[in-house]
1. Please list Arg124, Arg84 from largest to smallest accessible area, probe radius 1.4 Å, with all protein chains kept in place.
2. How large is the convex hull of the C-alpha atoms of the stretch 130-179 per residue, in Å³?
3. With springs connecting C-alpha atoms under 10 Å apart, model the chain as a Gaussian network and identify which of Gln123, Gln105, Gln25 has the largest mean-square fluctuation.
4. Mind listing P(r) for the chain? All alpha-carbon pairs, 10 Å bins, whole percents.
5. Of the candidates Asp41, Asp139, Asp155, which one comes out as most mobile in a Gaussian network treatment of the chain with C-alpha springs shorter than 10 Å?
6. Mind grabbing the base-10 log of I(q)/I(0) for the stretch 59-103 at q = 0.20, 0.26, 0.31 Å⁻¹? Debye formula, identical points on the C-alpha positions, no solvent, two decimal places.
7. Considering only protein heavy atoms and a 1.4 Å probe, what is the carbon-and-sulfur percentage of the accessible area of the stretch 1-110?
8. Based on C-alpha coordinates, I'd like the Rg and Dmax of the stretch 1-91, in Å.
Amino acid sequence: MAILSIPEKSIQISNPSEIKNFLNQRGIFFDQWSCDVVFDDTASSEKIIKAYAKDLTPFMENGGYETADVISINSLTENYDAIRAKFLSEHIHTEDEIRFFVDGQGLFWFNLETEPVFNLLCQRGDLISVPAGSKHWFDAGETNPFVKAIRIFIDMSGWVPHYTDSKIEEQFQDFKMPV
Ligand SMILES: [Fe+2]
């Protein structure tokens, strides 16, 4: 279940409908999907995607999304520090960055510029769509990362990060994940 934090205001929101309202008011789509299937580490991408077809298929059809895959990061992931660094600096994409968390967790940070920076801890069952052009960064944690997420694309090339070089993320380095 997601948790939304506004560090500068010491605000934390864990009620799903309040989170949804907060994000929707800012043009950020958020939803939660349920699934009874428990996956082990050997579950294939196809099996995971099929298990969420009830929600995933209409979502993709309505949004004009063409492809979906599964990304898996854990403590055995090679070159994790380099992978982490790639998304830890503020950046934008030319298409929406859509992630559905099958398991594990990660922190999406948003800098909408007109208000304090906020972040959303995404966990199992949470779907987030970072709008194209929105300044953001992502962190799965310095140690023991665990992310299993479905990525949804119109065109994978749109997911290349374009860095802002603002270094704003450095102001929030000491933030501790809420759980
Ligand atoms: Fe991104």
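1. In descending accessible area the options line up as Arg124, Arg84.
2. Roughly 124 Å³ of hull volume per residue.
3. Comparing Gln123, Gln105, Gln25 in a Gaussian network model of the chain, the most mobile one is Gln25.
4. Using 10 Å bins, I get a P(r) of 9, 39, 40, 12, 0 for the chain.
5. The residue that fluctuates most here is Asp41.
6. -0.92, -1.14, -1.21
7. It is 48 percent, rounded to a whole number.
8. For the stretch 1-91, the Cα-based Rg and Dmax read 16.5, 42 Å.
The values are calculated or read from the model by the stated rules, or taken from the named source; none is laboratory data. Owing to the predicted nature of the structure, the values given are computational and were not obtained by experimental measurement. Here the Cβ is made from the backbone with ideal geometry for all residues, glycine too, and neighbour counts use every protein chain on show. Calculation scope for accessible area: heavy atoms of the full protein, side chains included, ligands and nucleic acids excluded. Shrake-Rupley method; radii C 1.70, N 1.55, O 1.52, S 1.80 Å.
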